[in-house]
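Take a look at the structure set out below.
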Amino acid sequence: MIAAAALLMTSCGGGGGRPNFGDNEYPVVTVGTSSTTMQSTYPATIKGVQDVEIHPKVQGFITQINVKEGQTVGAGQVLFVLDNVTYQAQVRQAQAAVNTAEASCNTAKLSFENSQKLHQNGVIGDFELQSATNQFEQAKAGLAQAQAALASAKEMLSYCYVKSPAAGVVGTLPFKVGTLVSAANTLTTVSNISSMEVYFSMTEKDVLEMGKNAGGLAGAIKDMPAVKLQLADGSLYGLDGTVTKMSGVIDPATGSVQMIAVFQNPEKILKSGGSGAIIIPTSNTNAIIIPQGCVSEVQNKKFVYTLQKDNKVKYTEIQVDPQNDGNNYIVTEGLKAGDKYVTNGITKLSDGMEIVPITPEKYQQKIQEQAKAMSAGDIVGAMK
């Protein structure tokens, strides 16, 4: 029962009331500095280092889909086959044209060689030789043109076999066999997920402060600590990442700068298009840390009671880091090392009130003594 009473009065003596000692005593501590590590969290989007959208170069009906979603593919592997009957016919037609042009070229060559011999023997004149020469050159040009048409037809046929330009993992397959597709359609996305780029945004203020402390943004990125990735289910990814890039432009709509952190992905756990949060640790070797229980909040402003030289308390506004652990605040403005503040019973205080400062240890001792002196009826009454 004594323990219950002590617990009750301790809770009342935190951010709320305090035991009634009758001597106006309040616990006071002196502000000091200590090292602390806080963390900042930023929403993030996960993307493969190389995300390649696959588009067909020609229009046609899909006749084969050779891969499945999530399958790992190599560069040059055939992913889709489009209806190619028309293009095969064009290749055969072009090949026939090449054969015809080759025959014409061979005939023109024989005629040219014969004309050369006749000209040497004085049988024909210069005009006849030049005519044979021109016909041979024309035949060679026709053969070259036919060969170019064949190469073009073969290239168009090859477009019916849609290949992966890079190694990676196949994304979604929105189209089925029999669908008519064209260059405007994205058949799938192949993502290189051996390592992943995680995109997140920092505020302009944070970026400027970071660059100021590191002697420039390039130095700030180099000096940034390893970052962690919190996945969509709340778990932490097993490997740390490194911030490697920063956008050179501030988004005027959000006032933020895009950052990119790279995470290795050997187990293929991370998927392109996923979401999460980047966690950046921040170390502070001269932090002023105070319990949240000694802070009162009025209209989104935070206050503590500081002790002045005449033992009167002053209602003092403070600024705190928005990141906290739920139990303590890191004070950024309003307190400095050597200041003194009241830790318990702040709801009983008022600005300018004179108190008798005691140590937190003596305060706890008095709580224990008062608890021992309380009767069962006192405890029940205190709990009402």
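Some points to look at:
- Fraction of accessible area attributable to carbon and sulfur, the chain (%, probe 1.4 Å): 52
- Dimensions in Å of the chain - Rg and Dmax from alpha carbons: 40.8, 145
- The distance between label points at GLN323 and THR172 comes to 3.4 nm (points 7 Å beyond Cα on the Cα→Cβ vector).
- Added length on full extension, which subtracts the Cα-Cα distance from 0.36 nm per residue, SER131 to TYR315: 55.1 nm
- Computed from label points 7 Å out along Cα-Cβ, the spacing between SER275 and GLU102 is 6.2 nm.
- By the helix-only formula, in which each DSSP H run with n ≥ 4 contributes -39500 (n - 2.57) and the sum is divided by residues, the chain has a 222 nm mean residue ellipticity of -10500 deg cm²/dmol.
- Using only side-chain charges placed at the Cβ, +1 for Lys and Arg and -1 for Asp and Glu, the dipole size of the chain relative to its Cα centre rounds to 420 debye.
- Each of ILE330, ILE346, ILE289 was scored by the projection of its Cα onto the charge dipole of the stretch 288-349, and the greatest displacement toward the positive side belongs to ILE346; charges sit on the C-beta of Lys, Arg, Asp and Glu.
- For ALA253 and LEU231, a Förster radius of 30 Å and the Cβ-Cβ distance give a FRET efficiency of 0.60, rounded to the nearest 0.05.
- The calculated FRET efficiency for the pair GLU361 and ASN300, based on their C-beta separation and a Förster distance of 45 Å, comes to about 0.85.
- Placing a pseudo-label 7 Å from each Cα along the Cα-to-Cβ vector at LEU110 and GLN93 gives an inter-label distance of 3.0 nm.
- Rounded accessible area per residue of the stretch 14-130, 1.4 Å, Å²: 58
- Spatial offset of the stretch 241-307 relative to the stretch 124-197 amounts to 51 Å, using the alpha carbon center of each.
- Taking the C-alpha atoms only, the angle from helix 85-120 to the longest principal axis of the chain is near 40 degrees.
The values are calculated or read from the model by the stated rules, or taken from the named source; none is laboratory data. Everything numeric in this text was worked out from a predicted model, so none of it was measured. Positions of Cβ are backbone-derived with ideal geometry, glycine not excepted, and every protein chain shown enters the neighbour counts. Calculation scope for accessible area: heavy atoms of the full protein, side chains included, ligands and nucleic acids excluded. Shrake-Rupley method; radii C 1.70, N 1.55, O 1.52, S 1.80 Å.
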